[in-house]
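The values are calculated or read from the model by the stated rules, or taken from the named source; none is laboratory data. Predicted model, so just to flag it, every value in this text is computed and none were measured. Reconstructed Cβ throughout: ideal geometry from the backbone, glycine too, with neighbour counts over all protein chains shown.
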Amino acid sequence: MTGEPGTAPLDPSRKGFRSIEQTTVTLDMLTAREDVRQFVESANQALRAMGFTEHGERHVRLVATVARHVLVELRYSPREADLAEIAGYLHDIGNIAGRSHHGQTSALLAFPILREEGMSAQEIAVVLGAIGNHEEEYGEAISPVSAALILADKSDVHRSRVQTQDPAEYDVHDRVNAAVQRSELAVDPKGRLIVLELEIDDSITPMDYFEIFLTRMIMCRRAAEVLQCRFGLTANGQRLL
């Protein structure tokens with residue numbers, strides 16, 4: 001095959017040219033990489049310094065697990081569940097470069113990693129689309145993998161995520177997370193229903209949570225619809241949505 005007119009044909013022996021054999025990439029392959037582990041750790045260190053809630057190994061592991069669980073429960077293919085798990089683990093690595101538009105930065109950082117491991121272009125596109133669309137400010141569920149990531153990410157709310165030491169310095173995210181004693185994303189495949197169940201102490205009312213996180217819950221509702229499900233929210237046993 002020749003290149004464009006006036007250029008030399010591609011030569012595999014040239015420095016920098018590499019043919020990548022396609023591989024079935026798994027989460028274990030990615031977590032074995034030092035750069036991936038460092039990106040996750042450094043991203044959370046950056047957010048801690050800026051006063052944000054925890055986005056480190058605990059968070060990304062949980063998001064990966066829940067995203068996989070959502071698709072498994074709803075009988076999506078095993079490979080789609082794999083890709084949701086991978087997207088869940090990599091979705092926040094872009095925080096090392098700043099909080100603004102970190103979803104898109106995460107996708108840019110994830111691309112060469114997935115490419116080096118040998119993931120097909122088709123699967124890379126699915127993972128990057130999910131990662132780049134998980135922020136409520138501008139994201140949208142564009143696939144089952146994307147929808148599962150959104151639901152898993154937005155359902156991780158708990159007091160253990162608060163990294164600010166002084167309660168007087170809590171922002172709205174700290175206050176809400178500090179008040180949540182338990183959170184669980186329940187999936188009912190027969191009823192096609194996905195419910196975020198919360199237990200909240202008296203420091204914040206269920207309605208306060210709903211008002212603060214209204215955009216997140218709207219995003220979850222739309223994500224559930226992509227999965228042909230309804231989304232619900234309960235707090236202390238009371239149905240809010």
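Note on the range 172-186: among residues that are modelled with pLDDT under 85 and aliphatic (A, V, I, L, M), the one that is nearest to Arg75 (Cα to Cα) is Val180.
Name the single residue that is modelled with the highest pLDDT among those in the range 187-210 being charged (D, E, K, R) and over 20 Å from Ala224 (Cβ atoms). Among those residues, the one meeting the criterion is Glu199.
Considering the conditions (1) at pLDDT 95 or above; (2) within 28 Å of Asp188 (Cβ to Cβ), Glu117 is excluded by exactly one of them, (2).
Exactly one residue out of Asp28, Asp82 is charged (D, E, K, R) and crowded, with 16+ Cβ neighbours inside 10 Å: that is Asp82.
Each row is one residue, and each column tells you yes or no for (1) closer than 27 Å to Cys229 by Cα; (2) without any contact (Cβ under 8 Å) to a residue 60 or more places away in the chain; (3) surrounded by fewer than 21 Cβ atoms within 10 Å (Cβ to Cβ).
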site: Val66; (1), (2), (3): yes, no, no
site: Pro78; (1), (2), (3): yes, yes, yes
site: Ala87; (1), (2), (3): yes, no, no
site: Ile93; (1), (2), (3): no, yes, no
site: Ala97; (1), (2), (3): no, yes, yes
site: Ser100; (1), (2), (3): no, yes, yes
site: Leu149; (1), (2), (3): yes, no, no
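Residues in the range 82-127 that are out of contact with any helix residue (DSSP H, G or I) (no Cβ under 9 Å at 6 or more places or on another chain) and hydroxyl-bearing (Ser, Thr, Tyr) were compared, and the one that is nearest to Thr65 (Cα to Cα) is Ser120. Filtering the range 95-151 to residues that are under 19 Å from Phe213 (Cβ atoms) and not in a helix (DSSP H, G or I) leaves Arg99, Asn133, His134, Glu135, Glu136, Glu137, Tyr138, Gly139, Glu140, Ala141. Scanning the range 212-241 for residues that are part of a loop (DSSP other than H, G, I, E, B) and of a type outside the set (Phe, Trp, Tyr) gives Leu227, Gln228, Cys229, Asn236, Gly237, Leu240, Leu241.
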